Structures are given as C-alpha cells and as structure tokens.
Amino acid sequence: MALIKTRSTIITICGSASAVGKSTLVTRLGELIPDSVTFFFDAYQDTTVYPPNLYQDLADGKEVDVQQIESPVFFRDLKALAYGAEVTDAWNRKLQPAKYIILEEPFGRNRIGMADLTDFVGCIELPLDTALARRLLRNLRHDFTHLPLDERVQYVEDFLEEYLRGGRISYLKMFEAVSPDCDILLDGLQSTDEMAKQVIDKLIALNLLEPTTPRQT
C-alpha cells in the first residue's frame, strides 16, 4: 500500500504505574472513536531495551533519562501505520491505517521521536497501592493461569521484590516526568467509560475530534 502524505492523529494514553488501566482505556477509546486503530507499547516488550540497573539507579536517587528506553521495532511499526501502511504488530494483529491511532505509551511524549508523533496525551493517575493490588490480582487470576500455582506465586514474589528494590520509585519518577506534559490528567479510580468521556470531550475542545456522537458498541 502506498504511503499517504498526511499522518494519523495519535492519541496517547500513559499512566502513573503498571495496572492503572492504560490498555483498557485505549481499547475502549478504540471502540468509541470512529476510524481508529489501537496500538500497544506492551506488545513490543521483547524488543524494548531499558538502561542497565534502572531500578537500582532510581533507588539510589540517580536521574534516569527515559529517552534511553529504546524500542526500534515499536517506532518502525507505529510510524509506518501513522503514515498509511498496513502493519502486523508484535501480537500478530493486522492493523489497517486509520484517521486516529489510540496509543498505549507509558512515557507520553518524553521518548525520542514521540514528541513529533504525538498529538494528545491523557495521563491516568492512580494511587500506587491500588495499582499494585490490581497488578497482583491480574497476575494471579489472568496473566499466568496456564502456569502451576507455585510458579504464579513465585512470579508475584519476584515482582514484589523488584517493586521494593526500586520499582515503586521508578513509577513515581516516571509519573513526575510524564504528567506535566499531558493534555488531560485522569482519575484512575473512575470507571473506564467516565475516563473515555473526558478524553473525548477534551479532544473535541482541542479540535482534534469532530463533535459527533462516538460509535456505539
């Protein structure tokens, strides 16, 4: 397919931690906004390179530049999709070009290349204790149900050790970095539909979305 001259409008959702509801909100916005396609950072974890000793450096009070977090395959596919090419993402979903890309990107506009691609950022804020509880319940009930119980428990123990070693501090630092540059700050204790309505209303107010009734699902 030939590339189109203009690119899609990219609507990015980030958040204060894992399990704040980024992917759920992205999915819901994709259902509500006509001519849209969803795209997920999480799909590209296997090809994302983080700075060495990230958690320990944060725990030691050192500054970590999120621009050092590199995802070349993620950027390649996102840019191709934004400029009109069909893409098969890392979850093997065949994605067709659309007027709007609803993007899950934990770091908002802050990583190299994202400021030029991003038109709008909604940032979900959720207390870290609530986010941690959601993450653990998701791991135990959904993510690893194919594994024996002892392996699921071991994963949770490892995650908690990492969380205490520096994960919690990394969430705080990343939120400090991404939240000031967002277009709307969302209360993650609200329902997904409430947050989606606020995002759509803000997009309309910024003339990024036509004030028509979102598609119903």
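Pairs LYS173/LYS202; LYS79/LYS202; LYS22/LYS197; LYS173/LYS197; LYS94/LYS197: which are spaced more than 19 Å apart, C-alpha to C-alpha?
LYS173/LYS202; LYS79/LYS202; LYS173/LYS197; LYS94/LYS197
For the chain, what proportion of DSSP beta bridges, expressed in % and rounded to the nearest 5, is antiparallel?
In the chain, approximately 15 percent of DSSP beta bridges are antiparallel ones.
What is the distance, in nm, between label points placed 7 Å from the Cα along the Cα-to-Cβ direction at PHE159 and at ASP42?
Taking the simple label geometry, PHE159 and ASP42 are separated by 1.0 nm.
Restricting things to Cα coordinates, could you compute the convex hull volume per residue of segment 151-204 in Å³?
106
Ignoring ligands, DNA and RNA, what accessible area per residue does segment 61-217 give at 1.4 Å, in Å²?
So segment 61-217 comes to 55 Å² accessible per residue, rounded to a whole number.
Between GLU176 and GLN198, with labels modelled 7 Å along Cα→Cβ, what's the label distance in nm to one decimal, could you check?
Rounded to a tenth, the inter-label distance reads 2.3 nm.
Looking only at CYS123, CYS14, CYS182, which one moves most when the chain is put into a Gaussian network model with springs between Cα atoms under 10 Å?
Between CYS123, CYS14, CYS182, it is CYS182 that shows the largest mean-square fluctuation.
Could you tell me what a quarter of the Cα convex hull surface of the chain works out to, in nm² with one decimal place?
12.5
What is the angle, in °, between the Cα long axis of helix 128-138 and the longest principal axis of the Cα atoms in the chain? Nearest 10 is fine, range 0 to 90.
Approximately 90 degrees, to the nearest ten.
Over the chain, what is the mean sequence separation of C-alpha contacts under 8 Å (at least six apart), divided by residue count, expressed as relative contact order in percent?
So the answer I get is 34 percent.
Based on the alpha carbons, how large is the Rg to Rh ratio for segment 1-125 when Rh follows Kirkwood?
0.98
Using a probe of 1.4 angstrom, how much of the accessible area of segment 70-217 is carbon and sulfur, in percent?
It is 53 percent, rounded to a whole number.
Find out how many positive minus negative residues lie around ASP193, taking Lys and Arg as positive, Asp and Glu as negative, among other residues whose Cβ is under 11 Å from that of ASP193.
0
Tabulate in residue order the Karplus-calculated ³J(HN,Hα) for segment 106-116, using 6.51 cos²θ - 1.76 cosθ + 1.60 with θ = phi - 60°, rounded to whole Hz; enter x for Gly and Pro.
x, 10, x, 8, 6, 7, 4, x, 6, 4, 6
The values are calculated or read from the model by the stated rules, or taken from the named source; none is laboratory data. Remember, it's a predicted structure, so these values are computed and weren't measured experimentally. All Cβ positions, glycine included, derive from the backbone under ideal geometry; neighbour counts span all protein chains shown. Ligands, DNA and RNA are excluded from the accessible area calculation, which covers all protein heavy atoms including side chains. Shrake-Rupley method; radii C 1.70, N 1.55, O 1.52, S 1.80 Å.
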